[in-house]
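A short worksheet on the structure shown next.
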Amino acid sequence: MKNIRILAASLVLLLAVIGYAYANTLDLDNLFPDTQGQRGLQALRFNYDALKYYLLDDLGSYAFGRLDETDYNIPFVKLVPNPAGGYMPGIYMHPAVPQSTGKGSGVDPSIENVVFRYLIPADGYYNVTGSFTGADTGAKAVYVKLDAITAFSTPLVGTTQESFSLLNSFMLKGQHIYFGVGPGLAGEDFKDTTILNAVISTVPEPISAALFLLGGGAVIFGKIKRKIKDSRRG
């Protein structure tokens, strides 16, 4: 019976090890880059007139924005220092609307969404989960894209929270996941700061993982069954 218990415990350990090996979890908050491109992460602004993405300037201290916009450095993507030490949870993001419209503080003549982008490192299945939470009372629009395909999009009003969950999505090496924040229906960038919390985890291909689990389980259960028979014979 002692050997049977050992074999059963081995099965549990095998399943735990397999689960760990197949689930590589990335918390973007904890992985926030020191420089653009570090760990596959970039902070960008999307210019509506040019329909192009541009890298934000490195402001230092885990912050990216526009150096030529001296009041608020918007649009920005950054971590916010915690008075008690370290940084506040989440990634703080803020879009920009041109000053010329009277509805914003941006120096560019175009509306600029702010984007945090992750580079997919390898082909495979991924889970992308998290939320956008309003840090200010203004209206904003938030979204998640896989390259040009919008997987999640919703208005965000005030300090409410909207969650997203993209499960078992197959992605190719070199593709990007975009987490974006833009101005809301009022077309203003006032009080539009938004907090992003996002976790990206790799998952096994469903068929190969199932076969692997079943194969490993069959071997161990076969051994357990033989041990039971041997113990009865003895």
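The values are calculated or read from the model by the stated rules, or taken from the named source; none is laboratory data. These numbers were taken from a predicted model, which means no experiment stands behind them. As a convention, Cβ positions derive from the backbone with ideal geometry for all residues, glycine included, and neighbour counts pool all protein chains shown.
The conditions are (1) modelled with pLDDT of 90 or more; (2) surrounded by fewer than 21 Cβ atoms within 10 Å (Cβ to Cβ); (3) among the hydrophobic types (A, V, I, L, M, F, W, C), and Val181 fails exactly one of them. Which is it?
The failed condition is (2).
Looking only at residues that are touching an Asp or Glu at 6+ places or on another chain (Cβ under 8 Å) and of a type outside the set (Lys, Arg) in the range 58-67, which one is surrounded by the fewest Cβ atoms within 10 Å (Cβ to Cβ)?
Leu67
Considering only the range 43-60, I want to know if a residue exists there that is outside any loop (DSSP other than H, G, I, E, B) and of a type in the set (Ser, Thr, Tyr).
Yes, some residue in the range 43-60 is outside any loop (DSSP other than H, G, I, E, B) and of a type in the set (Ser, Thr, Tyr).
Given the condition touching a helix residue (DSSP H, G or I) at 6+ places or on another chain (Cβ under 6 Å) and closer than 30 Å to Thr202 by Cβ, answer yes or no: does some residue in the range 60-81 qualify?
Taking every residue of the range 60-81 in turn, none turns out to be touching a helix residue (DSSP H, G or I) at 6+ places or on another chain (Cβ under 6 Å) and closer than 30 Å to Thr202 by Cβ.
Select from the range 68-122 the residues that are outside any loop (DSSP other than H, G, I, E, B) and either acidic (Asp, Glu) or surrounded by fewer than 14 Cβ atoms within 10 Å (Cβ to Cβ) (or both) and list them in ascending order.
Answer for the range 68-122, where residues must be outside any loop (DSSP other than H, G, I, E, B) and either acidic (Asp, Glu) or surrounded by fewer than 14 Cβ atoms within 10 Å (Cβ to Cβ) (or both): Pro81, Ser100, Thr101, Glu112.
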